[in-house]
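To start, the structure itself, in structure tokens.
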Amino acid sequence: MAFESAPHNLNMPRHSQLLHPHRDPVEPRPAATVLLLRDTHDGVEVLMTRRSRHASFAPGAYVFPGGSVDRQDTALHACATRRTTESAEQWTDALAAIRESFEELGILLARRADGTLVAPADVAALDRRAPLAPQCAAHQLQLAAADLFLLARWITDRDLPKRFDVPFFVARLPAGQRPVADNTEQFEPVWIRPEDALERHAAGHFDIIFPTIRTLERLRSYATVDAVLAACAGEKPLWVSCPRAGYLNGQVERFMEQEPPFGELALVCPDGQLLHTLDWQSERPVALLKNVQRLTAPNAGFMTGPGTNSYIVGDAGTGYLVIDPGPNDAGHVQRLFQAAGGDIRCIVCTHSHPDHAPGAKPLQALCAQRPPILGLPSAPTARAHSQFTPDRALADGEKIVLSGPDGITHTLRVIHTPGHAANHICLLLEEGGLLFSGDHILNGSTTVIDPPDGNMGAYLDSLDKLDAVCRDAHVEFILPAHGYVLWQPRAVIAWFKQHRLEREAKVRAAMQANPNGTPEDWVAAVYGDVPRTAWPVALRSLLAHVEHIRATV
């Protein structure tokens, strides 16, 4: 092990360190679907239909009408309206959705030559099994692609053998038309409110697949069809998602990009193989890469989430480095020692809080070579339970290098990041583009800034510093001390900063509205969006905001 200062030479996670052999996912096929909507006294209803139980994809599931985009959909351009802001590709996709809705359910989104919507009699004159373009020309109909608006885009999960790239459109049901299933591909059309579909699915009576579930969850927030169409008027999908899957409680669970487990699945199984288990447990380490393991301490709770993550970096050739050995829990410390085969070259504490640093000395005592405990000493502002003195203080920018006989190295660069604690540091694994963020950035919650050792101004400045590191080092993942691995680190950091600034604006407004109030008075106005049981903890961060506001006046 060496400690050095060296020029930056940073890469993405090394392929040699991935746990699983690469496998190319199946190429997704273009498809399109449309959510046909109508207003009722009880809210918006959407048309759904049951797929054939013999279908090769989602058999027996209730879906929105749709299907593959094919050559004949381009031919429909000659008999279709189009918005000037709509791309040619989106226009073709919308026409495919119209055609599929006609073939499967007999619903036709079209207009007569005079611009009025087609009536049921116009639709009845057409053959659902014959090509649509010549029929539209013969009856002087224009397919109403301009009446479809893009809601979302879903790409089928990487682990599945049959995949589609599907824009989800929304449109109002034409007056007077009624769905009639083709009873070949689709059966049992039903109008249903999104919340009712979700409740029936939860009760086991209405089979729907993951993209349908998430789409219905978002659709239920709209009170009218007009509100849905207005939200989609920008020609861009409200979301784009290619979910990832892992095992949770023994079952396959899928997650969108903004959901906490997504980043971990992207790191461990980048090509989407269904191989990673997401259950939190403290009995054995979880391999994230060949050179990175996570062992979660058995200290789950309100402040620690699933527990404190201790990370073990290195391999049998280089020896190991332990980041945040956690609380002084004999079982956890022993498991860290065993996971490293006893070959621990150094122990690094990101800060001195009692769920991070107390395990350092017991772990050191287990090791024959007594590896050094590294970090920053606690400041005089630290609380009594957070006193910490390392064997050696780390310098900002210093590099800790584990080297093996085969030339493989694991280089961790130290980044001073005060804010959550005065002696907080983060660590950048340079060869892998991984940031170990301690408590500065968490997955699932924001960190507490507790004055006087915590400082909001320092915290915000440290976020900016980490953003620059992630930019320059092309960091792809953040490994926090609590929660799953995070992906898209710069977007994560931007969100955390924006969230803090928005919260600070609320604090400022509460102080102005009630200048003679106390912080306890202001908490209700600032943190009304969190449970009251969390207000005592929120008060600590509020005090940090007040301190920051007064310091910047």
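The values are calculated or read from the model by the stated rules, or taken from the named source; none is laboratory data. Here the structure is a predicted model, which is why all the values come from computation and not from measurement. Methodologically, a virtual Cβ is constructed for each residue, glycine included, from the backbone with ideal geometry; neighbour enumeration extends over all protein chains shown. All accessible areas refer to the heavy atoms of the entire protein, side chains included, with ligands and DNA or RNA removed. Shrake-Rupley method; radii C 1.70, N 1.55, O 1.52, S 1.80 Å.
Regarding region 172-194, can at least one residue be identified that is in a loop (DSSP other than H, G, I, E, B), in contact with a Gly (Cβ under 6 Å, 6 or more places away or on another chain), modelled with pLDDT under 95 and not basic (K, R)? Taking every residue of region 172-194 in turn, at least one turns out to be in a loop (DSSP other than H, G, I, E, B), in contact with a Gly (Cβ under 6 Å, 6 or more places away or on another chain), modelled with pLDDT under 95 and not basic (K, R). Of the strands (runs of 3 or more DSSP E) lying entirely inside region 405-496, those containing at least 3 residues that are under 17 Å from the mean Cα position of the chain (by Cα) span 477-480. Once region 386-401 is narrowed to residues that are small (G, A, S) and in a loop (DSSP other than H, G, I, E, B), the residue that is nearest to the chain's Cα centre (by Cα) is G397. Answer with yes or no whether H545 is outside any helix (DSSP H, G or I) and surrounded by 22 or more Cβ atoms within 10 Å (Cβ to Cβ). Judged against the criteria, H545 is not a match.
When N455, N443 are screened for being polar (S, T, N, Q), open to solvent by less than 30 Å² (accessible area, probe 1.4 Å) and modelled with pLDDT of 95 or more, only N443 passes. In region 12-58, what residues are open to solvent by less than 80 Å² (accessible area, probe 1.4 Å), within 28 Å of the chain's Cα centre (by Cα) and at pLDDT below 90? If the condition is that a residue be open to solvent by less than 80 Å² (accessible area, probe 1.4 Å), within 28 Å of the chain's Cα centre (by Cα) and at pLDDT below 90, then P13, R14, S16, F57, A58 are the ones that fit. For the condition open to solvent by 40 Å² or more (accessible area, probe 1.4 Å), β-branched (V, I, T) and in a loop (DSSP other than H, G, I, E, B), T381 qualifies.
Report whether or not C269 is open to solvent by 10 Å² or more (accessible area, probe 1.4 Å) and in contact (Cβ under 8 Å) with a residue 40 or more places away in the chain. Criteria not met by C269. Scanning region 233-266 for residues that are out of contact with any Ser or Thr (no Cβ under 7 Å at 6 or more places or on another chain) and among the acidic types (D, E), we see that the one that is surrounded by the most Cβ atoms within 10 Å (Cβ to Cβ) is E264. Scanning region 172-186 finds no residues that are polar (S, T, N, Q), within 26 Å of the chain's Cα centre (by Cα) and crowded, with 20+ Cβ neighbours inside 10 Å. The residue list G331, G326 contains one member that is of a type in the set (G, A, S), at positive phi and either without any contact (Cβ under 8 Å) to a residue 40 or more places away in the chain or out of contact with any Cys (no Cβ under 7 Å at 6 or more places or on another chain) (or both), which is G326.
D127 meets the conditions (1) under 30 Å from A266 (Cβ atoms); (2) out of contact with any Leu (no Cβ under 9 Å at 6 or more places or on another chain); (3) among the acidic types (D, E) in every case but one. The failed one is (1).
Within region 298-312, residues that are more than 18 Å from S352 (Cα to Cα) and open to solvent by less than 20 Å² (accessible area, probe 1.4 Å) sit with their Cβ atoms under 7 Å from residues that are not β-branched (V, I, T) and not in a loop (DSSP other than H, G, I, E, B), at 6+ positions apart or across chains, in these pairs: I312/Q293; I312/L295; I312/Y320; I312/L336; I312/A339.
Within the set G341, G331, G326, the sole residue that is open to solvent by 10 Å² or more (accessible area, probe 1.4 Å), within 16 Å of R284 (Cα to Cα) and in a loop (DSSP other than H, G, I, E, B) turns out to be G341.
For every residue, the table says whether it meets (1) touching a Leu at 6+ places or on another chain (Cβ under 6 Å); (2) more than 29 Å from I408 (Cα to Cα).
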| position | (1), (2) |
| --- | --- |
| Q293 | no, no |
| P306 | no, yes |
| G314 | yes, no |
| T318 | yes, no |
| G326 | no, no |
| G331 | no, yes |
| F337 | yes, no |
| A340 | no, no |
| A365 | no, no |
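Answer yes or no as to whether D279 is more than 24 Å from L412 (Cα to Cα), part of a loop (DSSP other than H, G, I, E, B) and open to solvent by less than 20 Å² (accessible area, probe 1.4 Å). Judged against the criteria, D279 is not a match.
Regarding region 75-94, can at least one residue be identified that is open to solvent by less than 30 Å² (accessible area, probe 1.4 Å), closer than 17 Å to A175 by Cβ, modelled with pLDDT of 90 or more and in contact with a Cys (Cβ under 9 Å, 6 or more places away or on another chain)? Looking for residues that are open to solvent by less than 30 Å² (accessible area, probe 1.4 Å), closer than 17 Å to A175 by Cβ, modelled with pLDDT of 90 or more and in contact with a Cys (Cβ under 9 Å, 6 or more places away or on another chain), one finds none in region 75-94, hence no.
Residue-wise test of (1) free of Cβ contacts under 8 Å to residues at least 60 places away in the same chain; (2) surrounded by fewer than 24 Cβ atoms within 10 Å (Cβ to Cβ).
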| residue | (1), (2) |
| --- | --- |
| H351 | no, no |
| I373 | yes, yes |
| T409 | no, yes |
| N423 | no, no |
